Amino acid sequence: MRLVEREGILCLPKFSEGENSQGEVTKTDIMTTDEVASYLKLKLKTAYHLAAKGDIPGFKVGGSWRFRRSEIDRWIKKRERKLDTK
């Protein structure tokens, strides 16, 4: 996975890169389980477990889990708000 530098910090790119049917590089906010595990600093097994339980927002394409970065970011903000109200 390629990291990018933002404000002196190495981060995941804002969008995942893929290729369309013409071989052109495209950008999407859809992440794989590996990418979401890295993004959330989780072990891969934990990411699978949370997805299967429905604890993190995701969906399956065939047998593979996929996650929208925007939904993961919304989920994080929602969890942060819950902690702030306690």
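With the largest listed first and rounded to whole Å, the semi-axes of the equivalent ellipsoid of the stretch 32-86 from the Cα gyration tensor are 21, 11, 10. Close amide H pairs (under 5 Å, H built 1.01 Å from N) link ARG68 with MET31, residues at least 5 positions away or on another chain.
Since every read-out is calculated from the coordinates, none of them should be taken as a lab result. Predicted model only: the values in this text are computed from it and were never measured.
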